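This report refers to the structure that appears directly beneath it.
The values are calculated or read from the model by the stated rules, or taken from the named source; none is laboratory data. Note that the structure is a prediction, hence the values are computed from the model and not measured. Reconstructed Cβ throughout: ideal geometry from the backbone, glycine too, with neighbour counts over all protein chains shown. Quick note on the areas: whole protein, heavy atoms, side chains included, nothing else; ligands and nucleic acids left out. Shrake-Rupley method; radii C 1.70, N 1.55, O 1.52, S 1.80 Å.
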Amino acid sequence: MVELTRRTALVGLSAAALAPGAASAQAAVLLKTIAATGERIPAIGMGSWRTFDVGRDTAARSARIEVLRTFFALGGALIDSSPMYGSSQEVIGAAVKTLGKKPFAADKVWIEGRDAGLRQIAETRRRWNARLDLLQVHNLVDWETHLPELFQMKAQGDIRYVGVTSYAGLRYDDIARIAEKEPIDFIQLTYNIADREAEARLLPLALERGIAVIANRPFREGVLIQTFGSWPLPPVAAEVGATTWPQFLLKFVISHPAVTAAIPATRSSGHMAENMASMGGGVPDAATRTAMAKAVGDL
């Protein structure tokens, strides 16, 4: 079963990431290009919805530091959060300060009104204790008000990238219209082997317009692992170097030409190591991606 695999077999991988010779582990990092600048970032980032909202719990905070230690040791960079995610921003900020790391910091504005948005962004910066690389309008809340402010921040050098987000197919038509008319650098949407609505319009549009894509919910918040985990991996998994279902699912996501990074969330250092390992072992081509989707559809 996949849970047994994730909690036992990958402990060694996680430990190896923290060993003195861990630098060699970064050789497997798959880099994707942000079209707006040519900057390259690892194809596996980290989400923080629910997983980093631990408040003042000292033990839980220590555990999250270890998750991020593994993430950085294996070449990770992009961390995504939001004011919506409770204490996640503050927990991340404290952890990266403890570790002495500078992530590719992606966050959001999620409130009605210009002044309220500016106050929220200022608080987000304080919590992160780091420069924000990417600011996104979360779920398009009052996007007409916030986008001009974010573009101004970018012009002033306060942030480097501007984006918009949605999930689970919601308001994808609106995102498409924004992508066609506004000079955004990123869109964030749900994309996984079961939720493929974005393939119809948004992913081709992102490629056409040179917009980077962050794929959220690559495991559908764990549901896909639970659904497929009791089945043996299909033969095509060996062709792409996937040894577990989470790696198989992530490889499908990050191999799409339009996807810049996937952001699985986890509370476990072992799971983090497994997720990061999905960047190794080859990138599925179009025919292999079709075979992977068919294999899952046949289960």
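This structure gives Rg and Dmax of the Cα atoms in Å, computed directly, and of (i) 20.8, 65; (ii) 27.9, 107; (iii) 18.4, 55 that value is listed as (iii). Taking θ as phi - 60° and the Karplus parameters 6.51, -1.76 and 1.60, the scalar couplings of segment 231-237 work out to 9, x, 4, x, x, 5, 4 Hz in sequence order, x denoting glycine and proline.
The listed residues VAL141, VAL283 rank as VAL283, VAL141 when sorted by accessible area, largest first, using a 1.4 Å probe. Dipole magnitude for segment 122-254: about 340 debye, using +1 per Lys or Arg Cβ and -1 per Asp or Glu Cβ, origin at the Cα centre.
Taking Lys and Arg as +1 and Asp and Glu as -1, the other residues whose beta-carbon sits under 14 Å from that of PHE252 total +2. Other residues whose C-beta falls under 15 angstrom from the C-beta of LYS101 contribute a net charge of +3, scoring Lys and Arg +1 and Asp and Glu -1.
Positive end of the dipole of segment 23-169, charges at C-beta (+1 Lys, Arg; -1 Asp, Glu), about the Cα centre: which of THR165, THR145, ASN129 has its Cα farthest in that direction? Ranked along the dipole, the leading option is ASN129. Averaging the Cα positions of each part gives two centres, and for segment 134-161 and segment 164-211 these lie 17 Å apart. Of the solvent-accessible surface of segment 106-201, computed with a 1.4 Å probe over protein heavy atoms with every protein chain present, carbon and sulfur atoms account for 48 percent.
Working note: Karplus 6.51/-1.76/1.60 with θ = phi - 60° gives segment 194-205 the couplings 9, 9, 10, 4, 5, 5, 5, 9, 5, 5, x, 5 Hz, where Gly and Pro are set to x.
Within the shell of other residues whose beta carbon sits under 11 angstrom from the beta carbon of VAL223, the net charge comes to 0, with Lys and Arg scored +1 and Asp and Glu -1.
To the nearest 20 debye, what charge dipole does segment 28-74 have about its Cα centre, counting +1 at the Cβ of each Lys and Arg and -1 at the Cβ of each Asp and Glu?
Working: 7 positive and 4 negative charges, 4 e Å.
For segment 28-74, the charge dipole is close to 20 debye.
Pairs spanning more than 21 Å between alpha-carbon atoms, out of LYS108/LYS251; LYS32/LYS181; LYS32/LYS102; LYS154/LYS181: LYS108/LYS251; LYS32/LYS181. Its Cα centre serving as origin, the chain has a Cβ charge dipole (Lys and Arg +1, Asp and Glu -1) of approximately 760 debye.
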